[in-house]
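The values are calculated or read from the model by the stated rules, or taken from the named source; none is laboratory data. These figures come from a predicted structure and were not determined experimentally. Heads up, the Cβs are rebuilt from the backbone with ideal geometry, glycines too, and the neighbour counts pull from every protein chain shown.
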Amino acid sequence: MEAAAGCHACDLYKTGTQTVFGEGDEHARVMLVGEQPGDREDIEGKPFVGPAGRILDTALKEAGIDRTGVYVTNVVKHFKWKPQGKRRLHQKPNAAEINACRPWLDAEIALVKPKILVLLGATAAQALLGREFRVTLQRGQFIERPGLPLMVATVHPSSILRAPDDESRELEMRAFVRDFQRVAQHRQQ
Ligand code: SF4
């Protein structure tokens, strides 16, 4: 995995501060896969340690899943952003960048050998399940594909942060926790 630190397979190594690899239990039964590191993750070099990570931690806890017992990563390992004033504004990675980074995700899956992959948001879901996959319609469904662990998609926790008001944020959070409760049940089987 140290080789990823010097990866130049796409141009994102130029914008990201560092490669942000996955972390967690290397024998985890559950691997969570997000889109890419955000601003905080880029600085700290760890996945899901910013505001979205706090939402994720809360949901995992409420579903009875110990974060230290799962492995957390992203489909793209460098932060893609553009400047907006003093802020670094998140930019969605494109298909070429996702494809270039795929070998690193495959290496993590081969190393950890999880039973379940939880795909957080459309970028992760479409990277693993195809461009036609719609998280809004198919979240929470367990899907089998040859050569991959059992997969299930849910929203990215950053979408809960972007909810327009407290009521919809609360509803989104409940649905997010329910998705993880299903994961917790499947994990035991
Ligand atoms: S985003 Fe992935 S493929 Fe692109 S340089 Fe970083 S580690 Fe390499």
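Give me the pairs, please: first residue somewhere in the stretch 134-150 and among the polar types (S, T, N, Q), second residue anywhere and part of a loop (DSSP other than H, G, I, E, B) and modelled with pLDDT under 95, beta-carbon distance under 9 Å, and either six or more positions apart or on two chains.
From residues that are among the polar types (S, T, N, Q), there are no pairs.
How about the stretch 4-28: which of its residues are near the ligand (Cβ under 10 Å from one of its atoms) and more than 12 Å from GLU41 (Cα to Cα)? Outline the logic, then answer.
Let us first name the residues in the stretch 4-28 that are near the ligand (Cβ under 10 Å from one of its atoms), namely 4-16, 18-21.
Within the stretch 4-28, ALA4, ALA5, GLY6, CYS7, HIS8, ALA9, CYS10, ASP11, LEU12, TYR13, LYS14, THR15 meet the criteria.
Looking only at the stretch 71-101, count every residue that is free of Cβ contacts under 8 Å to residues at least 40 places away in the same chain and touching a helix residue (DSSP H, G or I) at 6+ places or on another chain (Cβ under 6 Å) and tell me the total.
Result for the stretch 71-101: 1.
Please state which of the following conditions THR73 fails to meet, knowing it meets all the rest: (1) buried (at least 22 other Cβ atoms within 10 Å of the Cβ); (2) part of a loop (DSSP other than H, G, I, E, B).
The failed condition is (2).
Taking the condition within 9 Å of the ligand (Cβ to nearest atom) and farther than 15 Å from HIS156 by Cβ, does ASP42 pass? Break it down stepwise before answering.
Details: within 9 Å of the ligand (Cβ to nearest atom): no; farther than 15 Å from HIS156 by Cβ: yes.
Here the answer is no, as ASP42 does not meet what is asked.
Can you pull out the residues in the stretch 1-27 that are aliphatic (A, V, I, L, M) and within 15 Å of the chain's Cα centre (by Cα)?
We begin by selecting, within the stretch 1-27, every residue aliphatic (A, V, I, L, M); these are 1, 3-5, 9, 12, 20.
Matches in the stretch 1-27: VAL20 only.
Which residues, counting only those in the stretch 47-93, are in contact with a Lys or Arg (Cβ under 6 Å, 6 or more places away or on another chain) and within 16 Å of the ligand (Cβ to nearest atom)?
Listed by number, the residues that qualify are TRP81, GLN91, PRO93.
Show the residue pairs meeting these rules: Cβ distance below 8 Å; 6+ apart or different chains; first residue within the stretch 172-189 and crowded, with 17+ Cβ neighbours inside 10 Å; second residue of a type in the set (S, T, N, Q) and part of a helix (DSSP H, G or I).
Matching pairs, first to second residue: GLU172/SER159; MET173/THR58.
Could you list all residues from the stretch 107-151 that are surrounded by 12 or more Cβ atoms within 10 Å (Cβ to Cβ), among the β-branched types (Val, Ile, Thr) and over 16 Å from the mean Cα position of the chain (by Cα)?
Listed by number, the list holds a single entry, ILE143.
May I ask you to list the residues in the stretch 152-189 that are touching a strand residue (DSSP E or B) at 6+ places or on another chain (Cβ under 6 Å) and outside any helix (DSSP H, G or I)?
VAL152, ALA153, HIS156
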